[in-house]
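The values are calculated or read from the model by the stated rules, or taken from the named source; none is laboratory data. No experiment lies behind these values; they were computed from the predicted model shown. Using ideal geometry, Cβ is built from the backbone for each residue, glycine included, and neighbour counts are taken over all protein chains shown.
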Amino acid sequence: MARLRVLSGREVCEILAKHEFTEVRRKGSHIIMQKVESGSTITVLVPDHKELRLGTLMSIIRQSWLPKSLFE
């Protein structure tokens with residue numbers, strides 16, 4: 001199993017955008033991304049930092065329902 005790379009908030013937003021997430025708004029140093037899927041909405045809050053901590057990145061992966069391999 002490969003390790004997660006160190007990603008910035010903008011890089012995570014690019015990965016999410018490739019999988020149909022759109023930027024809804026920005027508030028301070030956070031970017032709110034959403035994806036509408038079969039009547040429900042998935043919302044992910046991404047800090048716009050140069051490096052995301054491992055726990056923060058894992059939380060974003062869980063919230064987005066995307067496979068972990070996309071972020072390795």
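Can you name the number of the only condition in (1) surrounded by 13 or more Cβ atoms within 10 Å (Cβ to Cβ); (2) basic (Lys, Arg); (3) in contact (Cβ under 8 Å) with a residue 60 or more places away in the chain that Arg5 fails?
Going through (1) surrounded by 13 or more Cβ atoms within 10 Å (Cβ to Cβ); (2) basic (Lys, Arg); (3) in contact (Cβ under 8 Å) with a residue 60 or more places away in the chain one by one, Arg5 breaks only (1).
Within segment 28-35, is there a residue that is part of a loop (DSSP other than H, G, I, E, B) and at pLDDT 95 or above?
No: segment 28-35 contains no residue that is part of a loop (DSSP other than H, G, I, E, B) and at pLDDT 95 or above.
Among the residues of segment 23-36, write down those that are over 13 Å from Leu66 (Cα atoms) and in contact with a helix residue (DSSP H, G or I) (Cβ under 9 Å, 6 or more places away or on another chain).
Those that are over 13 Å from Leu66 (Cα atoms) and in contact with a helix residue (DSSP H, G or I) (Cβ under 9 Å, 6 or more places away or on another chain): Glu23, Ser29, His30, Ile31, Met33.
Regarding Ser69, is this residue within 13 Å of Leu4 (Cα to Cα) and of a type in the set (Ser, Thr, Tyr)?
yes
Criterion first (among the hydrophobic types (A, V, I, L, M, F, W, C), buried (at least 16 other Cβ atoms within 10 Å of the Cβ) and in contact with a strand residue (DSSP E or B) (Cβ under 7 Å, 6 or more places away or on another chain)) does Val24 satisfy it? It would help to see each step written out before you state the result.
Numbers: among the hydrophobic types (A, V, I, L, M, F, W, C): yes; buried (at least 16 other Cβ atoms within 10 Å of the Cβ): no; in contact with a strand residue (DSSP E or B) (Cβ under 7 Å, 6 or more places away or on another chain): yes.
The answer is no for Val24.
Across segment 30-52, what is the number of residues that are touching a strand residue (DSSP E or B) at 6+ places or on another chain (Cβ under 6 Å) and within 21 Å of Leu7 (Cβ to Cβ)?
13
Here is a list: Glu51, Glu11, Glu20. Which entry is free of Cβ contacts under 8 Å to residues at least 12 places away in the same chain, of a type in the set (Asp, Glu) and not in a strand (DSSP E or B)?
Result: Glu11 is the single residue among Glu51, Glu11, Glu20 that is free of Cβ contacts under 8 Å to residues at least 12 places away in the same chain, of a type in the set (Asp, Glu) and not in a strand (DSSP E or B).
Scan segment 16-29 residue by residue and report those that are aliphatic (A, V, I, L, M) and more than 21 Å from Arg3 (Cβ to Cβ).
Applying the first criterion (aliphatic (A, V, I, L, M)) to segment 16-29 yields 16-17, 24.
Within segment 16-29, Ala17, Val24 meet the criteria.
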